[in-house]
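Participant: Mind looking over this structure? Questions follow.
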Amino acid sequence: MIRVYFAVILVFLLSGCSTTKPAVTEYKLSLKTLKHSTDSKGCIDKSLKVSQAFSSSSLMSLQMNYVLDGHKIYAFSQAQWNNSPNQEVSSQVVKALRDSKLFKNVQNSKSRSRGDLILEINIEDFMQYYSKDLDKSDASVGISLTLIDSISSEVISTKTFSAKKETSSPDASGGVKGLDAALTNVLEQGLDFLNEVCK
C-alpha cells in the first residue's frame, strides 16, 4: 500500500514539472478579387519578370510583429506567418499581374527567362500598429513599384502606393485580415499604375 502512495505522489510531482507550450497559429494572406483597369494594350506583346521583393530583414522571417506607440516593435508569441511576408507579397504581385493580362507573360524571380521588362518591388511597410491603450489597431501596407527596361536598364516609371485599414479585432487574426485588405488596395493601385504606363 505504501508503494502505491509513493507511486501516486511521484506521478503528481513529475506532472507538475512538465510545461505545456501553447500552440502557435500560422497565418497566410488571402486576397479578394482585385478591381482595376485593364483597357491598355501597350504591353500585351511584352514579357515581364518580377524580381523578388526588397524589404527589411524582419519581413523575411516567419515571425509576426506589431508596433506599439509608433516605434516599439514586438512579436506575437502564439502567431506566425506560414510564409514570410516578403515571399508572400512577391507571389501575390505575380498572381495579380498574371490575372490582369496586361503582359504577354509574367514570370517570377526564379525563372531562367529574361523578360522584356523587369518589375522591382520594395516593401516599405507591412505592419500592424496598435494604439497606446491596445484597444484598437490599424494594418498598414506601403509598396513601391519600379518598371525597368531589361535591355537598357533604364527606369520606365516608378511610384509608391500605400493603404491603411482599421482591423476588425485588435489581435493577430484581425491584423492579418487588415493586411489582406490593405494589400488588396495597394495591388489595385499598382495595377492601375501599370495600366497607365502601358498605354
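Participant: Report the normalised scattering of the chain as log10 I(q)/I(0) at q = 0.08, 0.10 Å⁻¹, calculated by the Debye formula with identical scatterers on the alpha carbons.
Facilitator: Log10 I(q)/I(0), no solvent term: -0.36, -0.50.
Participant: Further, regarding this structure: Set the Förster radius R0 to 35 Å, insert the Cβ-Cβ distance between residue 26 and residue 104 as r into 1/(1 + (r/R0)^6), and round the FRET efficiency to 0.05.
Facilitator: Details: r = 36 Å, r/R0 = 1.03.
Taking R0 as 35 Å, the efficiency between residue 26 and residue 104 is 0.45.
Participant: Can I ask one more? Tell me, what is the FRET efficiency for residue 63 and residue 35 to the nearest 0.05, using R0 = 30 angstrom and their Cβ-Cβ distance as r? Intermediate values should be presented prior to the final figure.
Facilitator: Numbers: r = 32 Å, r/R0 = 1.07.
After rounding to 0.05, the efficiency reads 0.40.
Participant: Kindly report the accessible area of the stretch 41-198 per residue (heavy atoms of protein chains, probe 1.4 Å, no ligands, DNA or RNA), in Å². Present the calculation step by step, with values, prior to reporting the outcome.
Facilitator: Details: 7860 Å² over 158 residues.
Per residue, the stretch 41-198 has an accessible area of 50 Å².
Participant: Ok, one more. At a 1.4 Å probe radius, carbon and sulfur cover how many percent of the accessible area of the chain? List each step's numbers first, then the result.
Facilitator: Numbers: 6260 of 11840 Å².
It is 53 percent, rounded to a whole number.
Participant: With each run of n ≥ 4 DSSP H residues scored as -39500 (n - 2.57), what mean residue ellipticity at 222 nm is computed for the chain after dividing by its residue count and rounding to the nearest 500 deg cm²/dmol?
Facilitator: Values: 3 runs with 58 residues, N = 199.
Theoretical 222 nm ellipticity from helices: -10000 deg cm²/dmol.
Participant: Quick one: net charge of residue 162's neighbours, Cβ under 10 Å, K/R +1, D/E -1?
Facilitator: Summing Lys/Arg as +1 and Asp/Glu as -1 gives -1.
Participant: Keeping every protein chain in place, order 66, 74 by accessible area at 1.4 Å, biggest value first, i.e. largest first.
Facilitator: Working: 66 45, 74 95 Å².
Most to least solvent-accessible, the answer reads 74, 66.
Participant: How would 38, 146 rank on accessible area, largest to smallest, probe 1.4 Å? It would help to have the intermediate numbers written out before the result.
Facilitator: Details: 38 70, 146 25 Å².
So, going from the largest accessible area down, we get 38, 146.
Participant: With the cut-off at 17 Å, report for the stretch 121-199 the share of all Cα pairs above it, as a whole percent.
Facilitator: Working: 1578 of 3081 pairs.
That fraction is 51 percent.
Participant: Starting from 0.36 nm per residue, how many nanometres of slack lie between residue 51 and residue 116 once their C-alpha separation is accounted for?
Facilitator: Values: separation 65, 0.36 × 65 = 23.40 nm, distance 1.30 nm.
Gain in length upon complete extension: 22.1 nm.
Participant: Below 17 Å, Cα to Cα, which lysines can residue 104 reach? Residues fewer than 8 away in the same chain don't count.
Facilitator: 41, 46, 49, 95, 199
The values are calculated or read from the model by the stated rules, or taken from the named source; none is laboratory data. The structure presented is a predicted model; accordingly, all values stated were derived computationally and were not measured. FYI the Cβ positions are ideal-geometry reconstructions off the backbone, even for glycines, and counts take in every protein chain you see. The protein model used for the area step is the full one, side chains on, heavy atoms only, and it has no ligands, DNA or RNA in it. Shrake-Rupley method; radii C 1.70, N 1.55, O 1.52, S 1.80 Å.
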